[in-house]
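Chemist: Okay, handing you the structure first.
The values are calculated or read from the model by the stated rules, or taken from the named source; none is laboratory data. Just so it is clear, the structure is predicted and the values come from calculations on it, not from any experiment. Don't worry about glycine lacking a Cβ; one is built from the backbone with ideal geometry, like all the others, and counts go over all protein chains shown. The protein model used for the area step is the full one, side chains on, heavy atoms only, and it has no ligands, DNA or RNA in it. Shrake-Rupley method; radii C 1.70, N 1.55, O 1.52, S 1.80 Å.
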Amino acid sequence: VLDVKFGRGAFMKDRAAAQRLAEVLVTVGRAGGKEVRALLTAMDQPLGRAVGNALEVAEAIACLQGRGPADLMEVTNALGALMLILGGVATDEAEAMRKLAKVVADGSALAKLRQIITAQGGDARVIEEPSRLPRARWQVPLLATRGGFVQDVDAMGVALAAEGLGAGRTRAEDRIDPAVGVDGLAKIGEPIKPGAPLCVIHANDEAALAEARTMLGAALVVGDTPGVAAPLIAGRLS
């Protein structure tokens, strides 16, 4: 199962290029005797509300507790349903979706995560106590300077701000700081009041924090009318 992303926050910037890549990958997989399916998913704004290593882990735990962001769960469930179908666990998408919802609701998905963490020598207590995850020195909200609606959240702008904080690498030798990043991200179309947080910046360096504030201030745009997000799942190859 392939997730081929396109948009400002993805390597492939437009749907046509993503479609061509997906077709090539599906063809290669089938040439190797595998049944392959692909989704084309939009990445003009960040998926979910968190960008950064520990912050995304906390968000993933929330997803398995049934508290995940709607957009992240939509794509996760779509991919998960295809996996269950290809694995012979479900006969169609409706059955697969019911099975996915059940394992979240009954806690077995969270139990599996706990088992995986323990098997790899991690501290499974982070599931009940997310505060055990790495925590940045500063958590600073980026406040809206005006009220209105979120018109745009530039995924690449957010990604570069997080990278500047230390959440990603520009060179292979760069050190990743697992504690830093951005969470609580507003989503396109949401109403926002003056002084309300558009996101929260997690930083361990004052200069990087100042730069991230500037970059995120440009990436999150508030206007008089709500922006319209592109459909998350733009196409399927099967």
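Chemist: Which numbered condition in (1) in contact with a helix residue (DSSP H, G or I) (Cβ under 8 Å, 6 or more places away or on another chain); (2) open to solvent by 50 Å² or more (accessible area, probe 1.4 Å) is the only one that E56 fails?
Modeler: Among (1) in contact with a helix residue (DSSP H, G or I) (Cβ under 8 Å, 6 or more places away or on another chain); (2) open to solvent by 50 Å² or more (accessible area, probe 1.4 Å), the lone unmet condition for E56 is (1).
Chemist: Against the conditions (1) under 16 Å from L39 (Cβ atoms); (2) of a type outside the set (K, R); (3) open to solvent by less than 40 Å² (accessible area, probe 1.4 Å), where does N77 fall short? Just the number, please.
Modeler: (3)
Chemist: Just to be sure before I move on: is L209 over 19 Å from the mean Cα position of the chain (by Cα), aliphatic (A, V, I, L, M) and surrounded by 15 or more Cβ atoms within 10 Å (Cβ to Cβ) in the structure I sent?
Modeler: Working: over 19 Å from the mean Cα position of the chain (by Cα): yes; aliphatic (A, V, I, L, M): yes; surrounded by 15 or more Cβ atoms within 10 Å (Cβ to Cβ): yes.
Yes; evaluated as a whole, the condition is true for this residue.
Chemist: Let me ask something else. Quick one: which residue in R30, R8 is exposed (fewer than 15 other Cβ atoms within 10 Å of the Cβ) and at pLDDT below 95?
Modeler: The unique qualifying residue is R30.
Chemist: Within segment 135-191, track down each residue that is assigned to a loop (DSSP other than H, G, I, E, B), open to solvent by 40 Å² or more (accessible area, probe 1.4 Å) and at pLDDT 95 or above. If you could, list the steps in order and put the result at the bottom.
Modeler: Taking segment 135-191 first, the residues assigned to a loop (DSSP other than H, G, I, E, B) are 135-137, 144-147, 154, 166-180, 184-190.
Remaining after also requiring open to solvent by 40 Å² or more (accessible area, probe 1.4 Å): 135, 137, 145-146, 154, 169-173, 175-176, 178, 184, 190.
If the condition is that a residue be assigned to a loop (DSSP other than H, G, I, E, B), open to solvent by 40 Å² or more (accessible area, probe 1.4 Å) and at pLDDT 95 or above, then R135, R137, T145, R146, D154, I176, P178, G184, E190 are the ones that fit.
Chemist: A further question follows. Hey, G9 hits all of (1) over 14 Å from the mean Cα position of the chain (by Cα); (2) small (G, A, S); (3) assigned to a loop (DSSP other than H, G, I, E, B) but one; which does it fall short on?
Modeler: In the conditions (1) over 14 Å from the mean Cα position of the chain (by Cα); (2) small (G, A, S); (3) assigned to a loop (DSSP other than H, G, I, E, B), G9 misses (1) alone.
Chemist: Are there any pairs with C-beta distances below 7 angstrom linking a residue in segment 45-66 that is farther than 12 Å from A167 by Cβ and assigned to a loop (DSSP other than H, G, I, E, B) to a residue that is open to solvent by 50 Å² or more (accessible area, probe 1.4 Å) and among the hydrophobic types (A, V, I, L, M, F, W, C), with the two at least 6 apart or on different chains, and if so which?
Modeler: From residues that are farther than 12 Å from A167 by Cβ and assigned to a loop (DSSP other than H, G, I, E, B), the pairs are G66/A105.
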